[in-house]
Amino acid sequence: PLDYELQDDRYVAQFTPKQEGVYWVVSHTSRGVVDRTDRTQPAGRQLRYYDAKAPLVVGDEASPQARPTFLHVEIQSTDSVPARAGHSFTGEVTYKGEQVADQTVLLVSPTERARELVTDDRGRVVMNFNETGTWLIKTTLMDEDRLGVYGGEDYDRVRYNSSLYLEVRE
């Protein structure tokens with residue numbers, strides 16, 4: 001576990017690896033329950049999660065694979081993450097380990113150009129990386145069958161916002 005500290009517009013944590021290798025930095029944060037029942041298209045009382053993961057490569061390791069973590073919704077792959085501009089990456093959106101078909105994935109370039117992609121029937125989507133820098137791959141999934149109580153507030157669905165950050169080099 002890392003102790004995050006708010007600094008200006010971001011959270012910062014320090015980690016000193018003991019050896020070379022690939023480490024995954026994973027964040028799993030609940031933002032509590034929000035009431036969306038008063039919207040023109042009611043969206044219920046949502047328990048919201050904002051999750052993210054990013055590889056940290058220490059040393060001369062090869063590009064890592066986006067392996068599964070403990071996150072309920074995530075983008076994963078057995079492909080190596082793209083190490084250089086011009087490479088592509090086949091990601092797979094999963095919910096509790098199961099592939100999610102017809103799921104929208106937002107791909108945002110380092111210059112903030114966004115493209116929406118949709119997973120195929122096996123939960124896969126092919127992404128091309130044509131710029132160097134940090135890319136954001138994000139998906140939002142709503143589980144309308146999950147309900148409960150969080151922090152003393154009832155919710156009738158859970159919204160997962162899950163991101164994968166990848167660094168693409170020249």
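The values are calculated or read from the model by the stated rules, or taken from the named source; none is laboratory data. Given the structure is predicted, the values throughout are model-derived calculations rather than measurements. Reconstructed Cβ throughout: ideal geometry from the backbone, glycine too, with neighbour counts over all protein chains shown. Note: accessible area is taken over every heavy atom of the protein model, side chains too, but ligands, DNA and RNA are not part of it. Shrake-Rupley method; radii C 1.70, N 1.55, O 1.52, S 1.80 Å.
Note on the range 36-72: among residues that are open to solvent by 30 Å² or more (accessible area, probe 1.4 Å) and of a type in the set (Gly, Ala, Ser), the one that is farthest from the chain's Cα centre (by Cα) is Gly59. Look at the range 46-58: where a residue is closer than 26 Å to Gln19 by Cα and a partner is of a type in the set (Lys, Arg), sitting 6+ places away or on another chain with Cβ atoms under 9 Å, you get Ala52/Lys138. Scanning the range 120-131 for residues that are over 15 Å from Ser88 (Cβ atoms) and not acidic (Asp, Glu) returns Arg122, Gly123. All conditions but one from (1) touching a residue at least 40 places away in the same chain (Cβ under 8 Å); (2) over 18 Å from the mean Cα position of the chain (by Cα); (3) outside any loop (DSSP other than H, G, I, E, B); (4) under 20 Å from Tyr165 (Cα atoms) apply to Leu6; the one that does not is (1). Working only within the range 64-86, note down all residues that are among the hydroxyl-bearing types (Ser, Thr, Tyr) and either under 19 Å from Pro110 (Cα atoms) or outside any loop (DSSP other than H, G, I, E, B) (or both). Within the range 64-86, Ser80 is the sole residue that qualifies.
Going residue by residue through the range 124-147, is there one that turns out to be over 22 Å from Ser80 (Cα atoms) and among the small types (Gly, Ala, Ser)?
Step one: of the range 124-147, the residues over 22 Å from Ser80 (Cα atoms) are 140-147.
Next cut, among the small types (Gly, Ala, Ser) only: none.
No, because not a single residue in the range 124-147 is over 22 Å from Ser80 (Cα atoms) and among the small types (Gly, Ala, Ser).
Scanning the range 37-51 for residues that are under 24 Å from Glu74 (Cβ atoms) and either in a loop (DSSP other than H, G, I, E, B) or modelled with pLDDT under 95 (or both) yields Ala43, Gly44. Given the condition charged (D, E, K, R), closer than 24 Å to Asp145 by Cβ, surrounded by fewer than 16 Cβ atoms within 10 Å (Cβ to Cβ) and modelled with pLDDT of 95 or more, answer yes or no: does some residue in the range 14-35 qualify? Checking the range 14-35: at least one residue is charged (D, E, K, R), closer than 24 Å to Asp145 by Cβ, surrounded by fewer than 16 Cβ atoms within 10 Å (Cβ to Cβ) and modelled with pLDDT of 95 or more. Counting the residues of the range 151-170 that are modelled with pLDDT under 95, over 16 Å from the mean Cα position of the chain (by Cα) and of a type in the set (D, E, K, R) gives 2.
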